[in-house]
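Colleague: The structure follows.
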Amino acid sequence: MISNINSQATSQSTSSERKIGFYSDNKAGPTLVAFGGMHGNEPSGVLALKKVFQELNEHQPNFEGKFFGIACNLGALSLNKRFINADLNRIWTSENLKEISDQSNANLSSPEQFEQFEIYHLIQDILAEASGPLFFIDLHTTSSESQPFISINDTLRNRELGLRYPLPIILGVEEHLGGTILNYINDLGHIAIGFEGGQHDAPSSIENHEAFIWTTLINIGCLSRFGIPNGHIYEERLAKTTTDGQKIFEVRHKYTIGPDEQFVMKPHYVNFQSIKKNELLASNEAGNIHAAEKGKIFMPLYQGQGDEGYFIIRKIRWFWLKVSVVLRKTSFHKILPYLPGINRHQGLHHALEVNKRIARWYVTEIFHLLGFRKTELKDKHILFIKRKYDFKGPDVKKS
Ligand SMILES: [Zn+2]
């Protein structure tokens, strides 16, 4: 059975399908890696990458650094399904990576594990060769109708790149979605941002992805805005897609769908639509599901596969964003273990255990401000881990 899966996946993933494109002018500079089709029912990113590489090859603009495009779930893309056995964007955990890091490992148990194996080793090759800063973008679309937006793990370096686009930014999805490829890349210390270009099948989603890719190449310094035909229009095109440009939102709530739950979202919710507390949002076999708090509905699920029914998000005020920059850069978090109800975690570096009964007020909000992520809930304790590469990246080779 295992060998069957492997040989089947091998025949699907010819390296030309996996590597959508590579572009370089043999000049020093940053490396951009773009992932498309992490979910098989989201082909827009792959199609947009193909077009961008085609135009780069046609016009051969002055280009600094290197640009790689990688197609991710090839098996699921060929079936137009989100995934075959497992969600490829939920399996980038340290245990799984240990298993696939061994080049000779033939015991890959699912089609997605094989896809992950190939992508992982491609990333390692790129990391080994890179000589400047590395940037990663992950291109997605949503099942509901949506304006495009950026999703990032809340490091100051991710925020800084995110704010160079005229788009809304969502912080903190990582606390609710384990094992994403962005979590893995951020933990390596590189800047990585997710982009959702619109609804899965909307033709405008491909155009939005193209505009996002070009804008990224300009924002990180691979291309000059004036060095490519129509270089000035891409940022404008993105700006026109949204009325929430550069607003930053945080995830406040996630509705997780249980095994065998008959979850049905009420129709016609659009991403970012305002909702009231207790508003009727969905139903399951036990009855109606109401909003836990007021805010905006985010990623309501209108497709068969997926474990997240919806999220509720809320805008963060600029004042608090600025306060968090100052607090993080002055290492304010160092006083935390001296406060009542907060202890250093035995064994985990940069981790604090918080006794919910003693440290009660706005605990999560304060830890977020200081650059921690909530990782695990134990009966009376919450575990917060400080992000390692918040405002300073790892050392990279200078070219
Ligand atoms: Zn997706």
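The values are calculated or read from the model by the stated rules, or taken from the named source; none is laboratory data. Every value quoted in this text rests on a predicted model; they were computed, and no experiment measured them. With ideal geometry, Cβ positions are generated from the backbone for all residues, glycine too; neighbour counts draw on all protein chains shown. Note: accessible area is taken over every heavy atom of the protein model, side chains too, but ligands, DNA and RNA are not part of it. Shrake-Rupley method; radii C 1.70, N 1.55, O 1.52, S 1.80 Å.
Colleague: With only Lys, Arg, Asp and Glu charged, each at its Cβ (+1 for the first two, -1 for the last two), find how big the charge dipole of the stretch 248-315 is about the Cα centre; round to the nearest 20 debye.
Modeller: That gives a dipole near 540 debye.
Colleague: Could you tell me what percent of the accessible area of the stretch 318-386 is made up of carbon and sulfur, with a 1.4 Å probe and every protein chain present?
Modeller: In the stretch 318-386, the share of accessible area belonging to carbon and sulfur is 61 percent.
Colleague: Moving on to the next point. Which residue, Gln346, Gln116, Gln54, has the most motion in a Gaussian network model of the chain that connects Cα atoms within less than 10 Å?
Modeller: Fluctuation is largest for Gln346.
Colleague: Where nothing but the Cβ of Lys and Arg (+1) and of Asp and Glu (-1) is charged, how large is the charge dipole of the stretch 9-165 around its Cα centre, in debye to the nearest 20?
Modeller: 220
Colleague: Separate question: Over the residues of the stretch 2-240, compute the C-alpha Rg and express it relative to 2.2 N^0.38 Å.
Modeller: 0.96
Colleague: On to the next question. Please report the base-10 log of the normalised intensity I(q)/I(0) for the stretch 32-151, using a Debye sum with one equal scatterer per alpha carbon and no solvent, at each q in 0.12, 0.17, 0.20 (1/Å).
Modeller: Reported log10 I(q)/I(0), two decimals: -0.50, -0.97, -1.22.
Colleague: What is the diffusion coefficient of the stretch 237-322 in µm²/s, taking the Kirkwood radius over Cα pairs and the Stokes-Einstein relation at 37 °C with a viscosity of 0.692 mPa s?
Modeller: Taking Rh from Cα pairs, D becomes 233 µm²/s.
Colleague: Looking at the stretch 141-269, what % of the alpha carbon pairs are farther apart than 26 Å?
Modeller: 27
Colleague: Where Lys and Arg each count +1 and Asp and Glu each count -1, what net charge lies around Thr216 among other residues with Cβ under 12 Å from its Cβ?
Modeller: -2
Colleague: Please work out the average accessible area per residue across the chain, using the 1.4 Å probe convention, and give it in Å².
Modeller: For the chain, the per-residue accessible area is 47 Å².
Colleague: Over 31 Å between Cα atoms: which of Lys296/Lys322; Lys277/Lys334; Lys247/Lys388; Lys334/Lys356; Lys50/Lys374; Lys329/Lys374 fall into that group?
Modeller: Lys277/Lys334; Lys50/Lys374
Colleague: Running a GNM on the chain with Cα contacts under 10 Å, which residue among Val251, Val323, Val264 ends up with the highest mean-square fluctuation?
Modeller: Val323
Colleague: If I compute solvent accessible area with a 1.4 Å probe over the protein chains, what percent of it on the stretch 236-302 is carbon and sulfur?
Modeller: Using a 1.4 Å probe with all protein chains present, the stretch 236-302 comes out at 49 percent carbon and sulfur.
Colleague: May I ask which residue of Phe67, Thr330, Gln305 lies farthest towards the positive end of the charge dipole of the chain, with charges of +1 (Lys, Arg) and -1 (Asp, Glu) on Cβ and the Cα centre as origin?
Modeller: Working it through, the farthest residue towards the positive pole turns out to be Thr330.
Colleague: Could you check what % of the DSSP bridge pairs in the chain are antiparallel, to the nearest 5?
Modeller: 60
Colleague: Continuing with the same structure: Treating only the Cβ of Lys, Arg, Asp and Glu as charged (+1, +1, -1, -1), what charge dipole size does the stretch 272-399 show about its Cα centre? Round to the nearest 20 debye.
Modeller: 840
Colleague: Choose one of Asn96, Gly194, Tyr120: the residue whose Cα lies farthest towards the positive end of the charge dipole of the chain (beta-carbon charges +1 Lys, Arg; -1 Asp, Glu; about the Cα centre).
Modeller: Result: Gly194.
Colleague: Could you state the number of Å between the C-alpha centres of the stretch 282-321 and the stretch 170-205?
Modeller: For the stretch 170-205 versus the stretch 282-321, the Cα centre distance is 17 Å.
Colleague: Hey, could you get me the Stokes-Einstein D for the stretch 318-386, Kirkwood radius over alpha-carbon pairs, 10 °C and 1.306 mPa s, rounded to whole µm² s⁻¹?
Modeller: 130
Colleague: Taking Rh as the Kirkwood radius computed over C-alpha pairs, what is the Stokes-Einstein D of the chain at 10 °C in a medium of viscosity 1.306 mPa s, expressed in µm² per second?
Modeller: 72
Colleague: How much of the accessible area of the stretch 140-215, in percent, comes from carbon and sulfur atoms when a 1.4 Å probe is used?
Modeller: Answer for the stretch 140-215 is 50 percent, counting heavy atoms of protein chains only.
Colleague: In addition: Say a paramagnetic label sat at a point 7 Å from the Cα of Asp201, along Cα to Cβ; which residues of the stretch 273-305 have their backbone N under 17 Å from it?
Modeller: Answer for this model: 301-305.
Colleague: Here's a follow-up. For the chain, what relative contact order do you get, as a whole percent, if you take Cα pairs closer than 8 Å and at least 6 residues apart?
Modeller: About 15 percent, as a whole number.
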